[in-house]
Amino acid sequence: MDRQVFLDHVNNLTDLELAVLLSLIAQQHCLIQTPGEFQDDVASELALIVCNIFNLSYIIINKHDLQSIDEFVAAILDNSKVDRETLDQSDDDFGGESDLRSKVAEVSFRGLTSAQHDQTTLDTRQVVNVVIAKDFNLAHEDVQIQALELILRKRIFSRTTVHTAPKVFLLLPIVTTDTRHVELNGHLNDRIFISHHHDPEDGFPNLQEIDGADDDQDNPSTYSDSRSLRLRRGQHLASRQIGPRLIEQLRAEGEAAIITPEIRRYLQDLVAFLRIERGVDGGVTPYATTLFLALSKYLAPLHGIDYVTPSLIALAARKVYPHRLIIATPSRERSTLYGTDLATAQYLVEDLDPDKVIQNVLDTVECPT
């Protein structure tokens, strides 16, 4: 897709599509929150986005795949053995099969020695491009540590070998709102780029489009019409695909976006006020500040500008910090150090959540003009 065409259609992207796009641009990872009864729909919607718009391989894993390292590793490997190093390919062959693997598949290894035979049966599978993990906050601690290793080192260990992740790799953990009190491993949580709460009222347009196409296909009286609809749908999907070249271009433009000293000071003031805001017990880490600045810059080219504005800073704050901020218990509320009793502290923090904290800070810090 041409950049100008993309900018003309960027307002038509859904929030989930934008979240995945920003994650691909930043080469980072995104946490999705949604009510428990809609978790399966959100996972399916993400799969369709990843497959149809970005042409990447994916896997949806459930809670039972997250209880042991062996099950987790087996679940996220790409059994098709397709080379997914997509950013090294053109838009036309995005995700295509490697010629080298095709040639190797045609070679007969009959008559080799046992040592040679062992070499030919090595497990060379890679991790899929996108791992969509439901109930990931309920994963076993060892699995979360392996996921952290996968994020940091682009590799994961099985019993027999080391499996590498492709250059384009995303972890999209899904956390339900009724279990969000169960926190991720602290180091892993800090490595999650942004979080997004998907409201079911926002719908599942990609999933609904598939359901509508299936209904038309099941109706024999409208066979010719359904063929036309499928053709139009194929053309529509092709027009919405976002290739690796465009993502690289948006990444380069974001990294080059201008941030003035006044805007940088505004960002730093927000970070400082978040650290001392009443009810906050942690989560405003140095790494989060780095991602805060990066997201602010990556948002600029999506709005067709080459500089960072205060509104982009505010938007970035609402995406980077909600899953990071730790709300204090009454006994750890810092005002208790200066004479506030526990009953008052309980009243102060009982209705507090990260979104309210961020909004309070945005309302407090003076915005540059």
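The values are calculated or read from the model by the stated rules, or taken from the named source; none is laboratory data. What you see is a predicted model; the values in this text were computed from it and never measured. FYI the Cβ positions are ideal-geometry reconstructions off the backbone, even for glycines, and counts take in every protein chain you see. Ligands, DNA and RNA are excluded from the accessible area calculation, which covers all protein heavy atoms including side chains. Shrake-Rupley method; radii C 1.70, N 1.55, O 1.52, S 1.80 Å.
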Per the rule of 0.36 nm per residue minus the C-alpha distance, extending Lys167 to Asp281 adds in nm 37.5 nm
May I ask you to compute the full-extension gain from Ala252 to Leu315, defined as 0.36 nm times their residue separation minus their alpha-carbon distance, rounded to one decimal in nm? 20.6 nm
Would you work out which of Val308, Thr364, Ile276 lies farthest towards the positive end of the dipole of segment 257-364? Charges go on Cβ: Lys and Arg +1, Asp and Glu -1. Val308
In Å and on Cα atoms, what radius of gyration and Dmax does segment 263-369 show? 15.1, 51
Provide the FRET efficiency to the nearest 0.05 for the Glu149-Thr124 pair, computing r from the beta carbons and using R0 = 22 Å. 0.70
Pulled fully out, how much extra length does the chain show between Glu37 and Asn360, if you take 0.36 nm times their separation in residues and subtract their Cα-Cα distance? 113.2 nm
From phi via Karplus (6.51, -1.76, 1.60), per-residue ³J(HN,Hα) for segment 143-154 in Hz, x at Gly/Pro: 5, 5, 5, 5, 5, 5, 4, 5, 5, 7, 10, 6
Taking the Cβ-Cβ separation of Arg3 and Thr340 as r and a Förster radius of 56 Å, what is the calculated FRET efficiency to the nearest 0.05? 0.55
Over segment 1-65, with neighbouring protein chains present, the accessible area per residue in Å² at probe 1.4 Å is 38 Å²
Span from the segment 1-53 Cα centroid across to the segment 273-318 one, whole angstrom: 20 Å
